[in-house]
1. Among the residues that make up segment 320-338, is at least one of them farther than 30 Å from Ile593 by Cβ and in contact with a helix residue (DSSP H, G or I) (Cβ under 7 Å, 6 or more places away or on another chain)?
2. Taking segment 297-341 as the region of interest, how many residues are touching an Asp or Glu at 6+ places or on another chain (Cβ under 8 Å) and either closer than 30 Å to Ser7 by Cα or polar (S, T, N, Q) (or both)?
3. Residue by residue through segment 422-445, note down the ones that are within 21 Å of Phe334 (Cα to Cα), assigned to a helix (DSSP H, G or I) and open to solvent by 40 Å² or more (accessible area, probe 1.4 Å).
4. Looking only at segment 222-241, how many residues end up being open to solvent by 60 Å² or more (accessible area, probe 1.4 Å), over 19 Å from Gly123 (Cα atoms) and not basic (Lys, Arg)?
5. Only one of (1) free of Cβ contacts under 8 Å to residues at least 40 places away in the same chain; (2) touching a strand residue (DSSP E or B) at 6+ places or on another chain (Cβ under 9 Å) fails for Asp110. Which number is that?
6. Consider segment 287-345. How many of its residues are open to solvent by less than 30 Å² (accessible area, probe 1.4 Å) and within 30 Å of Leu541 (Cα to Cα)?
7. On the given criteria, is Lys16 surrounded by fewer than 21 Cβ atoms within 10 Å (Cβ to Cβ) and without any contact (Cβ under 8 Å) to a residue 60 or more places away in the chain?
8. Please verify whether segment 21-36 includes one or more residues that are under 30 Å from Lys282 (Cβ atoms) and either crowded, with 21+ Cβ neighbours inside 10 Å or touching a residue at least 24 places away in the same chain (Cβ under 8 Å) (or both).
Amino acid sequence: MKTSIKSISRMFKKHKTRFLSLFLIILVCVGFISGFGMASDEIDNSLTDYYQAQNISDYIIKSTSQEGFSDEDVEKIRQLFPDATVETGASLDVSVGEKRSLRLQFVQTDSQVNKPYMPAGNGKLEGNNAWAEMSDEVIEGYSLGEKVTLDFKEILVAVSEQNGTTPDDQTLAMLDMLQPTEVTVTGIVQSPLHFVTTGDPSYNNTDVTEMPDTADAVEDMDLLQNVLYLSVDVIPTYKDVIPALPDSMNKPLIGTTDIYVALADRDSFNALSDSYQAMTEKDAEKIKSTLNCEVITLFENYSIKSLAAYSEKLLKLGYVVMAAFLLVSALVAFSTMTRLLEEERSQIACMLTLGYSSIQIIFKYMLFAFTATLAGSAGAHFVGTGICVLVYNVFGSNFVMPPMSPVIMPTFYFIAAIAIVGGTLFVTNVSGLKMTRSHPADLLRPKAPKPGKKVILEKIPFIWKRLSFKYKSTTRNVLRYASRFLMTVVSIAFSTGLVLAGLALLDMSLFRFSNSQAIVGISVVIIVFAGLLTAVVIYTLTNISVSERNREIATLMVLGYRDNEVTGYIFREVYINTTVGVIFGYPVGAVLIKLLYTAMGSGTVSDVSWFMWLAALPVAYLFTFLVTIALRPRILKIDMNDSLKAIE
């Protein structure tokens, strides 16, 4: 047992670089996969939490008559939804001073529905106090303490004209009795119904049945500009224009134009789930059959619908890149462990000779693989959480994002971690069993190197004769080990394809179909992690190759090759592999781009700008260059004496 433990300890020490490589590939891939998956879930969870915390109304019922809703109408809605919270209000679109397209939103003083988030000020909405919508790219906004004069005569006349009627002289004479009302902005708020920073067309004389999902199609629509929230107590009454009117006949000059319904079951929303949509469609029909009105559900709310749509597109986009990342990480992890077992042939033979069972021998390699992948997965959780927070904050360029949900769903993290850890252990076990079934004498003999073969270039004398010896040697070495070459090319091809996919997504956001800064941020994350993946892949596979060719490199040193010549011998192969991988990466990238554009719902491969295709080249070669710089000391530190000792 002591010998076995020492053997395990020595193996970890001897192969610490390989351990680090395996750790890094898992860290990058599982971290990226879990980060994207968690970000989509986090957006949905945060939107649902926000819906519940602000008690967002499920239905806004708008009157289609100039008189608005009567008390009997409101009572019918209360009876239709006996367990729901039902509140009334009024909204008018007017112009006041220089604040064009101003919406006056009259709400109950003690309103519990559509509770706004208040980032500044603490004044209650009562008396002549007012709240102003916070400013963004479209809304100019008001400042705290600013005075706003409301001329209700002018407002009511404008509203009548908007409804196609013109007040007669008698009505105008009565309206002259109204004195201008001055209100003071005592709070800056964010409406839970409108949180898109680039403008919200919801409820702005727009056909709500054709509300777009995202910012691609709203530029030509009427956008919500400025909003003032006022108490219904500010609305003048008929007694203000007819002083002799009895109190029993008094009522506000502006009737109830809106009814807000917040359903009792707040868990049904779930980020605009399919079941919630089916329920709202059914309820909307019931409301319309009860009142002559327009019913606006949250599926016609641009802010909520577009954020939910972006979350869904992020998930679809994530599925595409997740599959590619998982494939590359699996290839590299499997290659690392199978080639480690090949390198430990003599150790396995000795243990078999000493009477160790196959399970005991394989255990230490399983432990090595499990420890490296588990450590990488543990670190990937923090990387994934960081990516999740980063992506969530990136969406803040398009939305005033609701507070992040404290619960981060680790579903994608566990799926990715279990898949890669389980797959690596499975391959290690299968390869180990195959090797332990061999005869110890066969394992003690060094595996015969593959014989050199003529390569295709040798059949083209015009090219082959002009190559120097070192390039002929490099070409033969690259093609001698076809399986290794193929695995390297496939890994680099998919890494390059991911870089191209990120660049295409960036191109779509900046120059083509969308002005979404959120998608720009996501594309940058993809490019960076695809580049890191390229670096880790090249570093891992090249480092393995160097470990397996210590004797070959030591021989070059003994023969008097200079440092640059020795490293060049290896690095030429690296750059050839990278070049071939990049070439095959273009068709892989085209497929990934097509899948991404399909997930996003717009764009084709032919739409990608030509310079984006070229941009993938410097990214791939930059990371390759950084890897060669990192590996140079590793090659030059090879001990010639130890490496050249005969195994026989």
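1. Applying the first criterion (farther than 30 Å from Ile593 by Cβ) to segment 320-338 yields 337-338.
Cutting the leftovers down to in contact with a helix residue (DSSP H, G or I) (Cβ under 7 Å, 6 or more places away or on another chain) gives us 337-338.
Checked against the condition, which is being farther than 30 Å from Ile593 by Cβ and in contact with a helix residue (DSSP H, G or I) (Cβ under 7 Å, 6 or more places away or on another chain), segment 320-338 yields at least one hit.
2. Residues flagged as touching an Asp or Glu at 6+ places or on another chain (Cβ under 8 Å) and either closer than 30 Å to Ser7 by Cα or polar (S, T, N, Q) (or both) within segment 297-341 amount to 5.
3. Phe426, Asn429, Val430, Leu433, Lys434, listed by residue number.
4. So the first thing to find is which residues in segment 222-241 are open to solvent by 60 Å² or more (accessible area, probe 1.4 Å), and the list is 222, 225, 233, 238-240.
Cutting the leftovers down to over 19 Å from Gly123 (Cα atoms) gives us 222, 225, 238-240.
Cutting the leftovers down to not basic (Lys, Arg) gives us 222, 225, 238, 240.
Looking only at that region, the number is 4.
5. Answer for Asp110: the failing condition is (2).
6. Qualifying residue count, segment 287-345: 19.
7. On the way: surrounded by fewer than 21 Cβ atoms within 10 Å (Cβ to Cβ): yes; without any contact (Cβ under 8 Å) to a residue 60 or more places away in the chain: yes.
The answer is yes for Lys16.
8. Initial filter on segment 21-36 (under 30 Å from Lys282 (Cβ atoms)): none.
No, segment 21-36 contains no residue that is under 30 Å from Lys282 (Cβ atoms) and either crowded, with 21+ Cβ neighbours inside 10 Å or touching a residue at least 24 places away in the same chain (Cβ under 8 Å) (or both).
The values are calculated or read from the model by the stated rules, or taken from the named source; none is laboratory data. Only a predicted model underlies this, so the values are computations on that prediction, with no experimental measurement involved. Ideal geometry is used to build each Cβ from the backbone, glycine not excepted, and the neighbour counts take in all protein chains shown. Side chains are part of the model used for accessible areas, which takes the heavy atoms of the whole protein and leaves out ligands, DNA and RNA. Shrake-Rupley method; radii C 1.70, N 1.55, O 1.52, S 1.80 Å.
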